[in-house]
Protein chains: 4
Amino acid sequence: MPGEVNYHDYLQLEKILNAQFPESDKQQLPAHDEMLFIVIHQAYELWFKQLHHEVDSVVKILAKPSLNDNSPELQTVVHRLNRCVTILRVLVHQIDIMETMTPMDFLDFRDMLRPASGFQSWQFKELEAKLGLKFEYRHGKEYYTSQLRSEHVAIIKKAENDKTLLQLLNSWLERTPFFDEKENWGSFTSHSKREDIHPFWSEYRYQYENSLAEVEKNNLQFFDDIFLPDGQQPVTGNQSLSPSASRAALFIMLYRGYPMLELPFQLLNSLLEIDEQLSSWRYRHMNMVHRMIGTRIGTGGSSGKDYLKAAADKHYIFREIAQLNSFLIERRKLPALPAPVEKRLGFVAG
Amino acid sequence: MPGEVNYHDYLQLEKILNAQFPESDKQQLPAHDEMLFIVIHQAYELWFKQLHHEVDSVVKILAKPSLNDNSPELQTVVHRLNRCVTILRVLVHQIDIMETMTPMDFLDFRDMLRPASGFQSWQFKELEAKLGLKFEYRHGKEYYTSQLRSEHVAIIKKAENDKTLLQLLNSWLERTPFFDEKENWGSFTSHSKREDIHPFWSEYRYQYENSLAEVEKNNLQFFDDIFLPDGQQPVTGNQSLSPSASRAALFIMLYRGYPMLELPFQLLNSLLEIDEQLSSWRYRHMNMVHRMIGTRIGTGGSSGKDYLKAAADKHYIFREIAQLNSFLIERRKLPALPAPVEKRLGFVAG
Amino acid sequence: MPGEVNYHDYLQLEKILNAQFPESDKQQLPAHDEMLFIVIHQAYELWFKQLHHEVDSVVKILAKPSLNDNSPELQTVVHRLNRCVTILRVLVHQIDIMETMTPMDFLDFRDMLRPASGFQSWQFKELEAKLGLKFEYRHGKEYYTSQLRSEHVAIIKKAENDKTLLQLLNSWLERTPFFDEKENWGSFTSHSKREDIHPFWSEYRYQYENSLAEVEKNNLQFFDDIFLPDGQQPVTGNQSLSPSASRAALFIMLYRGYPMLELPFQLLNSLLEIDEQLSSWRYRHMNMVHRMIGTRIGTGGSSGKDYLKAAADKHYIFREIAQLNSFLIERRKLPALPAPVEKRLGFVAG
Amino acid sequence: MPGEVNYHDYLQLEKILNAQFPESDKQQLPAHDEMLFIVIHQAYELWFKQLHHEVDSVVKILAKPSLNDNSPELQTVVHRLNRCVTILRVLVHQIDIMETMTPMDFLDFRDMLRPASGFQSWQFKELEAKLGLKFEYRHGKEYYTSQLRSEHVAIIKKAENDKTLLQLLNSWLERTPFFDEKENWGSFTSHSKREDIHPFWSEYRYQYENSLAEVEKNNLQFFDDIFLPDGQQPVTGNQSLSPSASRAALFIMLYRGYPMLELPFQLLNSLLEIDEQLSSWRYRHMNMVHRMIGTRIGTGGSSGKDYLKAAADKHYIFREIAQLNSFLIERRKLPALPAPVEKRLGFVAG
């Protein structure tokens, strides 16, 4: 019947199911497991395409200057970022399938694939860039530009130069309507000087500063970058989020109990989950490579394990949000907000 | 460089990533979530292709008359069936992604897909057939033949008519070299008449037979079909496994402690796991449809939920293996095997 | 140091780690796997306790007559119900561990446990009751009262007689402040009579009613119970939710794009997920029992598989919410809400 | 009825369900989420007890000098190690539940727990020690001895001093009956000198040695430690496995297609999976801590994140087995084994 949709055609199964051409077949040394190798990478790439579809739509919404915090579109943003998390969880799980291939099974065709390698997934690199990973933070950055085709390098470069999700997050936090630096923040910081609140906020902090462990010193540095009054902040220049955006983010985390802050909090939280799942994916991937090829050089010529380890450590895109958790204050010590602010945040005394 | 393999080409990403054409775009009512709907179904179909690749190779090995139980190829069979289980687990998990689509989001494009529907996955039906699902046990069988294209119906019919995994399992069990009915089975059954072993094997079972619960009566019927001496068995004709194959399977389960029976046991176990994962997949799928469209008629015109429920109940392919678990005997009551049998089974007194 | 908290004491590990006494040890026929059997059931019971902790707190909040839809406490409700879903997912996964016990391993100690059985988990039955499962819908209800100790039966009875989560949901939906039946619902239903909206709402539905499939007839019955004007509704009396509560729920589902309806929607959705996970748990449990003991009678004397199958089918607690999905309308066909309603729902034209 | 087993008593639920005493209740500042914190740690400790039960039984079997490779007990070892993997997977998944506790929720009671901390799980440290983690490889080793009670330190010390699973693995590999160094290994190494087999085995390797990447140089060092003829090996002394045990392990990996090597291969593989799951657990735990408390000092006074990161990197217990994968040879280039060896390995020409 004309106009009717057929499952097979709709899903383009002629293409999808006829896109597997093992090298080992071409070389007439058929290796059973190469089909798995192809199919799993194709499944990954399909899901990467879907992740781009979601992230693109989120970027488009966040780029609207009119987006504020009681817009219905903020729900859509959170919903789609949470979908990304769900997809990433399945991608992590999917590594179990790859691990059913033993090292000897992989050896049967591994050398035939050179120099192709998982490092050449330009869609994945584009995704990292779109979220906000800067070229200079990327591990092995010269390497990937030399391995990819120029048109794919160009795609990644474009994503690096366009407004990234991280940058849009920064702008959105800076313009957030519920957070008035003068009104909110002034009273918050003066209250927080009490010694029992948090060591960093305290006015006595300079007394014990020298005895801090190294990790806490770094923390204090980060704290000062954000929370010292403008003009007094050291300019370290490593932050992706401005002091004012960071303060708004901390405010959201501290006062998330207010109805108007629930969605903003969920937004921040979903970004941390995305980082965490990406990190788990890289880590399990690294362990899988470790088991598969020991410490030999990967199919693409690099030491896959070392790459993945470095990337797992360095590629946290929203780390500054996570780091803010170091400065939280117990709920029962939180200063009350002024009544007009409370009202704006949707609290109706029950 | 000529001859070098490139990731993008090797994986045929031009095809794979350009195979998504939402109907809602064509009708100029773009629905964001239709992309997810397409991608997830394509991912399923890719994995179905992989499952066929594994099952085909297993069928080919099991069809060799020379395959016996200390052949290295039996390992390959078990390994690949376990891989199928791992894949199916991911496919079950993948339903989480579909569930991020809310009913309202689905409605945005649902009617545009008619009459396409997940029921038209001929690859899945072919897989069920290849494993051993008979046409007459299939729920909604007339329905699927009317919905699929004739070339796809033909593919499924062929799988039904070829030797299925279940049939090959039957032949392999019947010819298994370690199980000599006379030598093993005779001593086993005479020992098992002791009243404290198992009610069904006991020579006194007729005393209490009439007081059995309905479920146990069915069990007893099944027991008699298999374990009464040849000639005394009622001919119910519902079994896929012959009495002799069933006896060999029970023997494997009972005496799996012997080295030579480890792989055969793993083989039986992996088939039960495949059934269980297929069943979980249908069940979660059914629940997902239930949440997605309530009890309305599915995109393909049928009541999706009812179909899936019936299929989840009826499509157990290896149920007879599972049912044998009803007749197991405690290890400490197992009759010892004659020394020559023990030796054949690989036991070296330690 | 006095006053310091010690991990071992804090967690009461002396108790927790000395609470495993295998029967097979007492009978001097030690069975290695009985420890697993004990530990996994103890882990389940610990998590059931946690689920009670969450559900109790949710019930307490929902019981407040002041709770409405922009209260911060509604967030807490949704957050904790989602935690229940996360816990239930792990409980489903945990069945994988039980499945590492083979039927023969279980037989080593199974008969020593009679008549104890998983059916005697009063905490689980109490949980079902607290959520809203009525005694009369419970499969095998006489059975469980005869098997449990009187003090545990009393606990379950109390939960059945107290306000259940389902009843509190009903009250909350009935009093929801944003939904004014006259204002909202009247315009909605008159708009929905257009033939192209949805067959049930249409004024022409009587023309084709007789040709409905059985499943759609049931649906129509359910529809009439809820959506016919008061007084015209047939009194079937099977519903747990009143017509007015059901209408409010459908309204939430239809217009969830409005900020004020986001949390209410998430609440409904989390309840469906709880049902779904409980259902998956029962189903996988059933399959596990099927593989473990075939179709023999369970340790507690009942046919475990049949019980679990019936329960998996009948124990959907929030099924009426799921069924509402049958009556959804495409977003682009939704009637616009009057401006004052829109304002109340938090929409600010962007 | 006397002698009957009751579910509630059997599982000691009076103890298990009355072992939760939140500090925040004692201090009359009740924090809802502390119950979750207690219950999840108790669930972890229950499972740690179960892991000990499995590992103890495996150690006991491996310690039998009579254990060889066609013993039925080897199956038991593999089966139970695989069960450990299944348990560990659930423990990793369980972190999802902990992550439903937000940083602010944790702050409500976090300071009340000082100095208790997850670092004080002596059962987990004992488990690592029992598997083979040496005290000197342990990150933060002085720290843990100072934090734990002396009786718990003693338990861990005992596990370090007893024969560990790693040591027993070494002995078992050394005495493996199918691997005769002279007969097997001599012909293997002489064959492998062909240049196209593997660079390290090649007799020409010295030509290109200086151009090796750093990672490959380390590999070569490790290679020489194992595969140079006895007497020529540099004595680096870092290995836990003797050269002869390592050679047997590599032999198993290379020739796993032979029936007699299937179980030994599965044994090695399950150990790698245990390492990988332990590693995933530490890594996800670390990420969770990172999100929960930023980079502040953990409840036990240490920087939790740094500890976990270091442990995730350094605590691979069976890393030498994984590293052997660097020296595998493609199946089609493997030298054929002499006929008598083939026969011993169970191959019957098909």
**OP:** Go through D:LYS130/D:LYS163; D:LYS134/D:LYS158; D:LYS15/D:LYS130; A:LYS60/A:LYS130; B:LYS141/C:LYS217 and tell me which ones have a Cα-Cα distance over 18 Å in this structure.
**Re:** D:LYS15/D:LYS130; B:LYS141/C:LYS217
Subject >> Radius of gyration and maximum dimension Dmax of the range A:50-108, Cα, Å >> reply: 18.0, 57
**OP:** Return the distance in nm (one decimal) between the two label points of a simple spin-label model at C:ARG194 and D:SER211, each offset 7 Å from Cα along Cα→Cβ.
**Re:** 7.4 nm
Original post:
Considering every residue in D:97-107, what mean count of other chain Cβ atoms within 10 Å of its Cβ is obtained?
Top reply: 6
**OP:** Identify, for chain C, the residue whose C-beta comes nearest the rotation axis onto chain B, and round that distance to whole Å.
**Re:** C:TYR283, 3
Original post:
For A:ILE197, what is the net charge nearby, where nearby means another residue's Cβ is under 10 Å from its Cβ and Lys, Arg count +1, Asp, Glu -1?
Top reply: 0
Original post:
Roughly how many nanometres apart are two label points built 7 Å out from the Cα toward the Cβ at D:GLN221 and B:SER187?
Top reply: 5.9 nm
**OP:** Multiply the residue gap between D:ASP56 and D:LEU228 by 0.36 nm, knock off their C-alpha separation, and tell me the result in nm, one decimal place.
**Re:** 58.4 nm
**OP:** Compute the Rg/Rh shape ratio of the range A:84-171: radius of gyration over Kirkwood radius, all on alpha-carbon atoms.
**Re:** 1.06
Original post:
Just counting partner chain Cβ atoms within 10 Å, what average do the residues of peptide C:321-334 show around their Cβ?
Top reply: 5
**OP:** Between A:LYS343 and B:GLN28, with labels modelled 7 Å along Cα→Cβ, what's the label distance in nm to one decimal, could you check?
**Re:** 4.8 nm
**OP:** Per residue of D:40-53, count partner chain C-beta atoms within 10 Å of its C-beta, then hand back the mean as an integer.
**Re:** 6
Subject >> Nearest-first distances (nm) between copies at D:PHE135, label 7 Å from Cα via Cβ >> reply: 5.3, 6.3, 7.4
**OP:** Kindly put B:LYS125, C:LYS343 in sequence by how many other C-beta atoms sit within 10 Å of each C-beta, fewest to most.
**Re:** C:LYS343, B:LYS125
Original post:
What are the nm distances, shortest first, from B:PRO65 to its equivalents in the other copies, labels at 7 Å along Cα→Cβ?
Top reply: 5.0, 8.3, 8.6
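Every number in this text was worked out from the coordinates using simple rules, so none of it is lab data. Being a predicted model, the structure only gives us computed values, none of them experimental. Glycine also receives a Cβ, built like all others from the backbone with ideal geometry; neighbour counts cover every protein chain displayed.
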